[in-house]
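The next block holds one structure in the form of structure tokens; read it before the comments.
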Amino acid sequence: MLVAGVLLVLAGFVGFFLLSGQEWYVRGAALAVGLVAGVAVGLLSAPGKGFIAFAKDSYKEVRKVVWPTRKEATQTTLVVFAFVLIMAIFLWLSDKSIEWVIFSAILGWK
């Protein structure tokens, strides 16, 4: 049944291009009918029904989420920015230290 849905979608696309001499709304209607029919048949198949059940369960789970307040989100964002700044400084110092050790101390380049 899922294959039939895919074939209907493909038929809509083929119809769109085969009707190139027709008005835009005829071509668009062929495409829309193929897409809608294909999606409807796909959703009525076993994988489609499983997808619908998954989507419903996901929606229920999202409703259970406790979203942070504006203050909590701002504080968390500031902590992340501070951590990134500290890591950038640490990595820059590490890079310059290794550069100095290799080029100045070991190789003697200036």
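Values quoted throughout were computed directly from the atomic coordinates according to the rules given, and no laboratory measurement underlies them. None of the values given here were measured: they were computed from a predicted structure. Positions of Cβ are generated from backbone atoms using ideal geometry, with glycine treated the same way; all protein chains shown enter the neighbour counts.
Percentage of Cα-Cα pair distances in region 68-110 greater than 11 Å, rounded to whole percent?
Details: 622 of 903 pairs.
Considering region 68-110, 69 percent of its Cα-Cα pairs are separated by more than 11 Å.
Mind listing P(r) for the chain? All alpha-carbon pairs, 10 Å bins, whole percents.
Computed distribution, short to long bins: 13, 16, 13, 12, 15, 16, 11, 4.
In degrees between 0 and 90, to the nearest 10, how far off the longest principal axis of the chain does helix 70-99 point, with axes built from Cα atoms?
50
Work out, in µm²/s and without decimals, the Stokes-Einstein translational diffusion coefficient of region 2-64 at 25 °C, 0.890 mPa s, Rh from Kirkwood over C-alpha pairs. Intermediate values should be presented prior to the final figure.
Details: Rh = 12.9 Å.
Rounded to a whole number, D works out at 190 µm²/s.
Would you be so kind as to identify which of P68, F83, W100 lies farthest towards the positive end of the dipole of the chain, taking Lys and Arg as +1 and Asp and Glu as -1 on Cβ and the Cα centre as origin?
It is P68, whose Cα lies furthest towards the positive end.
How far apart, in nm, are the 7 Å Cα→Cβ label points at L19 and T77?
Computed distance between label sites L19 and T77 equals 4.8 nm.
So how tilted is helix 46-64 from the main axis of the chain? Cα-based, degrees 0 to 90, rounded to 10.
So the inclination is approximately 50 degrees.
Where does each of 45-58, 2-15 land if you order them by average Cβ count within 10 Å, highest first? If you can, show how the numbers build up before the last one.
Details: 45-58: 11.4, 2-15: 15.6.
Output ranking for 45-58, 2-15: 2-15, 45-58.
In debye, nearest 20, what is the charge dipole magnitude of region 2-64 about its Cα centre with +1 on Lys and Arg Cβ and -1 on Asp and Glu Cβ, if you could check? Don't jump to the answer; show the numbers that get you there.
On the way: 6 positive and 3 negative charges, 68 e Å.
Around 320 debye, computed over region 2-64.
Dipole size in debye (nearest 20) for region 1-105 around its Cα centre, Lys and Arg Cβ +1, Asp and Glu Cβ -1? Don't skip to the end; give the middle numbers.
Working: 9 positive and 6 negative charges, 97 e Å.
Roughly 460 debye, rounded to the nearest 20.
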